[in-house]
Amino acid sequence: MVLSAAGQHLLRVSRPGAWGQHLLLRVSRPGAWGQHLLLRVSWPGAWGQHHLLRGIGSVSTTAKGFQEKEIREKLQAFPGGSIDLVKQESGIAVLTVNNPARMNAFSGSMMVELEERVSQLEEWTEGKGLIIQGAAGTFCSGSDLNAVRAMSNPQDGMKMCMFMQNVLIRLLRLPLLSVALVEGSALGGGAELTTACDFRLMVPGSMIRFVHKHMGLVPGWGGAARLVRIVGSQNALKMLSGALKVDPEMGLQIGLADGVLEGSLDGSGANALLEAEQWLGCYTTGPASVIRAIKNVVVSGRELPLDVALRTERDVFGTVWGGPANLQALASKAKHK
Ligand SMILES: CCC(=O)SCCNC(=O)CCNC(=O)[C@H](O)C(C)(C)COP(=O)(O)OP(=O)(O)OC[C@H]1O[C@@H](n2cnc3c(N)ncnc32)[C@H](O)[C@@H]1OP(=O)(O)O
């Protein structure tokens, strides 16, 4: 066992097996929240050919273990809105944050529904892409302030934070290419949600804004950690400390936005969704097995130490080498001019 500088106990256990996989146990004891004990189990490669990357999913005792029922019950006490999922024949699913009366703010029940939709997407083996949008022409205004007020004690706040961190990291690690389609505003937790997607597309007039500072907060759904990785620490620091309004132009400039769409012609959002589907279609063309493998090697490259990422890449490679798409390409003597 190794005690890290941050006071975390790191335990590395070698597991004998074909690929010499490792079981990494991280036990952290966050100071101010001493009553919580987080357990993270990473076991890349231990999931067989179809679930390789699930192994690096963060599993905390609060969000997925014995306290999950308690958290879910607590969140369900704040109902309203819905999270709607449509899985399409094209292999691209559309997830809609639907609470327009509150600018698509996340009620407690919507947080629980988001977890259920992520579970459904984890089981969707034919999927290649995912678009996340808000209903009625705006993305999401973060957590529902009515729920926030009612849960403003530290214990409840911490539970919600752990629940959402866990859901959003599972969302980001899905073997699907994911896009946040930002119309209107993505504020607070809504801005954090955009960082749990691989790509962000913005329409003219839209903005992504981490308003946490103005609420006396910092991001807690994992948004800061992901933002630093997307735009770098300098830009992240400016965005968080200035609660900057990031419009499409600035989004492109700092690498937060991956594209700017023309946007909705009639305010229904239909045109923007069509454009986003076309944009994503350029990357999801091809067999699901290959697209999903691409996402998996990128996630492992981003999140795992190099030696483990290389091993995971080898395992993922093994799932496509000699597979139908590979054999078909060889037979067709494909040229790449
Ligand atoms: C994880 C940490 C967090 O996410 S903390 C939450 C961060 N978000 C916020 O503070 C958003 C606060 N809301 C706003 O700034 C504005 O409402 C925005 C979204 C810019 C929209 O402004 P505007 O177009 O003028 O509409 P409005 O203010 O009249 O809002 C329409 C109705 O929606 C509601 N609403 C909006 N956001 C939330 C929210 N986060 N939670 C609960 N309700 C929200 C407004 O209260 C308003 O409701 P009502 O029509 O007055 O009943």
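Quick note: the coordinates plus some simple rules give every number you see, no bench work behind them. Bear in mind that the values here come from a model prediction, so they are computed numbers and not experimental data. Backbone-built Cβ (ideal geometry, glycine too); neighbour counts: all protein chains shown.
Numbers for the structure displayed
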{"read-out": "Computed FRET value (nearest 0.05) for Leu310 with Val218, which takes r as the C-beta separation and R₀ as 35 Å", "value": "0.55"}
{"read-out": "Segment 68-282: radius of gyration over Cα atoms, expressed as a fraction of 2.2 N^0.38 Å", "value": "0.94"}
{"read-out": "Mean-position separation - Cα centroids, segment 243-321 and segment 196-236, in angstrom", "value": "16 Å"}
{"read-out": "Difference of contour (0.36 nm per residue) and Cα-Cα distance, Val290 to Asp156", "value": "44.1 nm"}
{"read-out": "Leu252-Tyr283 pseudo-label distance in nm [points 7 Å out on the Cα-to-Cβ vector]", "value": "1.7 nm"}
{"read-out": "Cα-based equivalent ellipsoid, segment 181-257: semi-axes from gyration tensor eigenvalues, Å", "value": "17, 13, 12"}
{"read-out": "Gained length - Glu116 relative to Gln88, 0.36 nm times residue gap less alpha-carbon distance", "value": "8.3 nm"}
{"read-out": "Rh by Kirkwood over Cα pairs, then Stokes-Einstein D for segment 181-310 at 0.890 mPa s and 25 °C, µm²/s", "value": "155 µm²/s"}
{"read-out": "Cross-link pairs beyond the 19 Å C-alpha cut-off, checked among Lys295/Lys337; Lys87/Lys159; Lys213/Lys245; Lys295/Lys333; Lys69/Lys213", "value": "Lys295/Lys337; Lys87/Lys159; Lys295/Lys333; Lys69/Lys213"}
{"read-out": "Å³ per residue enclosed by the Cα convex hull of segment 132-189", "value": "78 Å³"}
{"read-out": "Separation in nanometres of the label points that stand 7 Å from Cα toward Cβ, at Ala334 and Ile230", "value": "3.0 nm"}
{"read-out": "Orientation-averaged projected area, Cα convex hull of segment 288-331 (nm²)", "value": "2.9 nm²"}
{"read-out": "Ordering of 300-307, 95-102 by burial proxy (mean other Cβ atoms within 10 Å per residue, highest first)", "value": "95-102, 300-307"}
{"read-out": "Sequence ranges 280-286, 326-332, ranked by mean other-Cβ count within 10 angstrom, highest first", "value": "280-286, 326-332"}
{"read-out": "Separation of the Ala325 and Lys238 label points, Cα + 7 Å toward Cβ, nm", "value": "3.8 nm"}
